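Heads up: the structure comes next, in structure tokens.
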Amino acid sequence: MEITEVRVFLKDSPDKKLKAYATVTFDNAFVVRNIKIIEGTSGLFIAMPSRKIKQPCPKCGFKNEARSKYCNQCGAQLPFASRPVGEASLSNAQAEHKDIAHPITQSFRECLQKRVLEAYEQEKAKGAGSSSYSDFK
Ligand SMILES: [Zn+2]
């Protein structure tokens with residue numbers, strides 16, 4: 001599979017870990033949006049689009065965000081809030097997110113990450129003033 005286009009949308013806030021979003025086209029036929037470019041402790045990496053995992057309330061069935069203590073709908077105490085809050089390590093965050101689309105081989109993941117980060121560096125070199133993030137929400 002070939003990456004035919006990478007578009008990068010810089011985020012304005014320089015203090016945040018989230019640096020930019022990328023839209024990647026494969027084989028001129030398939031587009032994945034919302035790939036995040038994140039500054040981690042050992043450099044930049046990409047995060048594939050993901051959704052938050054929700055857990056249903058045992059009493060009313062309302063889908064609450066993972067790690068909620070009480071149901072947002074009926075107020076019942078939820079049984080799965082065992083982990084301490086505030087310990088927002090990356091592994092915890094990842095445990096609550098499920099990737100929607102992602103490479104399944106290490107080699108393609110590295111290839112994709114390299115291309116996206118190259119496009120990010122190019123976009124950054126052009127200057128952050130011309131960000132088109134506003135039409136990307
Ligand atoms: Zn409930």
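Readers should treat all values here as calculations from the given coordinates under stated rules, not as data from a laboratory. Given the structure is predicted, the values throughout are model-derived calculations rather than measurements. FYI the Cβ positions are ideal-geometry reconstructions off the backbone, even for glycines, and counts take in every protein chain you see.
The HN-Hα couplings worked out from phi for the range 47-53 by the Karplus form 6.51 cos²θ - 1.76 cosθ + 1.60 (θ = phi - 60°) are 10, 6, x, 9, 10, 6, 7 Hz, whole numbers, x standing for Gly and Pro. Note on residue 48 and residue 13: with the Förster distance fixed at 25 Å, the Cβ-Cβ geometry gives a FRET efficiency of about 0.70.
Of 11/98; 63/98; 98/124, which sit over 25 Å apart, Cα to Cα? From the list (11/98; 63/98; 98/124), the Cα-Cα distance tops 25 Å for 98/124. Going by a ≥ b ≥ c, the root eigenvalues of the Cα gyration tensor, does the range 1-63 fall in the rounded group (a/c under 1.5), the prolate group (a/b larger than b/c) or the oblate group? Oblate is the answer for the range 1-63, as a/c is 1.5 or above yet b/c matches or exceeds a/b. Near the amide H of residue 4, within less than 5 Å, lie the amide hydrogens of 25, 26, 27, 28, all on another chain or at least 5 residues away, with H placed in the peptide plane.
Determine ³J(HN,Hα), in whole Hz, for all residues of the range 29-40 in sequence, where each value follows from phi through the Karplus function 6.51 cos²θ - 1.76 cosθ + 1.60 and θ = phi - 60°; x replaces Gly and Pro. These are the phi-based 3J(HN,Hα) values: 9, 9, 10, 10, 9, 6, 6, 9, 10, 10, 8, x Hz. For residue 50, the residues 5 or more places off, or on other chains, whose built amide H falls under 5 Å of its own are 100. Close amide-amide hydrogen proximity is noted between residue 62 and 57, each under 5 Å apart and 5 or more residues distant or on a separate chain (H modeled in the peptide plane; Pro and chain starts excluded).
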